[in-house]
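Report on one structure; see the data block that follows.
FYI, it's all coordinate maths here, none of it is from the lab. From a predicted model like this one, the values you see are computed outputs, not experimental measurements. Glycine also receives a Cβ, built like all others from the backbone with ideal geometry; neighbour counts cover every protein chain displayed.
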Amino acid sequence: MKQNYNFLPRWLTKQEIALAPTSWIRVLSKYTTRRRKALWETKPGYNTLLASIMAAIAKKDRHLIDLAAELTKDNMPKYIYLSLISSALTCFGERDEGLAMLREAANLEPTDGPVLSLAAETDDLVEKENLAKRVLDKNPHNLEALRHLAYAKYFKGETKEARRIIDEILLKEPDNYLAREYKANIHFDNEEYNNALEQYLKIKLKPIPISLQLKICHCYYLLGRIKKAKRIARKIQGQVSLAYELEMKIEDANKLLAEILSSCP
């Protein structure tokens, strides 16, 4: 029988989606379909929980997660429930609780999905590398595991190996936007701003995340292309404080945009 959950919004705007972490953009773009499936669940389960989490992230409404969690916790495998809830909690800054859930999910179901979800969220580089290798031992061509391995290698100082792995991923899957963004970040860290900008502009995501627009804007500014930088800065100035991931402090991002907008062309 068709269910009615009034707490689920009817749609998400492009502006709301653009504020989300890069890895959620394509997921959130499918919200309407997921919501429709949720409404037809006999018991509120996977689709209800996922749609609620998507809405919570886009609407910045933590309460939606609690509502959906209570409705769905007994209607799906525990490891799936834990994985979904934890992914939302980390978006809301509740990293310790989210990581604890991810570790429990990976122990309950030690397959690629839960293991790589944990690899994506942990800040422990040794743990991230070990989790990636655990998957690669069974499937050497798993691109998500390779990306996490490259991340760990880079921040452990093994820059050459990290670049090689990222290039391997992009050779196999040129539209892998997470690997493409990571390659651009490496160029940016090494002050190779032309190369960084080239890679950022190749990322195919709609809507374009605010975090990515900020990076593109920063590159234009550092390359002296002030008019282009100002155009983007004007567009995103009022939104950066709402974005989930900027890879810089909000006050630093606002300071950068103010500097760009006050600079001479």
task: At a temperature of 10 °C and a viscosity of 1.306 mPa s, determine how fast the chain diffuses translationally according to Stokes-Einstein, using the Kirkwood radius over alpha-carbon pairs as Rh; express D in µm²/s, rounded to the nearest whole number.
output: 80 µm²/s
statement: At the level of C-alpha centres, the distance separating region 202-265 and region 78-97, in angstrom, is 29 Å
field: Gain on full stretching of the segment that runs from residue 156 to residue 201 - 0.36 nm per residue minus C-alpha separation
entry: 13.5 nm
- line: Whole-Hz Karplus couplings 3J(HN,Hα) for region 51-63, θ = phi - 60° and coefficients 6.51, -1.76, 1.60, Gly and Pro as x, run 4, 5, 5, 4, 5, 4, 5, 5, 8, 6, 10, 4, 4
- line: Projected onto the charge dipole of region 209-265 (unit charges on the beta-carbon of Lys, Arg, Asp and Glu, signs +1, +1, -1, -1), the Cα from 244, 257, 223 with the largest positive-side position is that of 223
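Ranking 170, 28 by Cβ neighbours within 10 Å, fewest first, what do you get?
Details: 170 18, 28 22.
The most exposed by this proxy come first: 170, 28.
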- prompt: Once phi is turned into θ = phi - 60°, what whole-Hz ³J(HN,Hα) does the Karplus curve with 6.51, -1.76 and 1.60 give for every residue of region 220-237, x standing for Gly and Pro?
  reply: 4, 5, 5, 8, x, 8, 5, 4, 5, 4, 5, 4, 6, 4, 4, 5, 9, 3
- request: Answer rounded, prolate or oblate for region 209-265, using the Cα gyration tensor with square roots of eigenvalues a ≥ b ≥ c: rounded when a/c is under 1.5, else prolate when a/b is larger than b/c, else oblate.
  value: prolate
query: So, with +1 on the Cβ of K and R and -1 on the Cβ of D and E, and no other charges, what is the size of the charge dipole of the chain about its Cα centre, to the nearest 20 debye?
result: 1400 debye
Sum of -39500 (n - 2.57) over DSSP H runs of 4+, divided by residues of the chain (222 nm, nearest 500): -20500 deg cm²/dmol
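What percent does the relative contact order of region 123-200 come to when contacts are Cα pairs within less than 8 Å and at least six residues apart?
Worked out over region 123-200, it gives 19 percent.
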- line: Neighbours of residue 10 by Cβ distance under 13 Å: Lys/Arg at +1, Asp/Glu at -1, summed charge +3
Distance (nanometres) between label positions extended 7 Å along Cα→Cβ at residue 92 and residue 14: 2.9 nm
- line: Set 133/160; 215/235; 14/227; 30/60; 153/228; 128/156, cut-off 22 Å on Cα-Cα distance; pairs above it are 14/227; 153/228
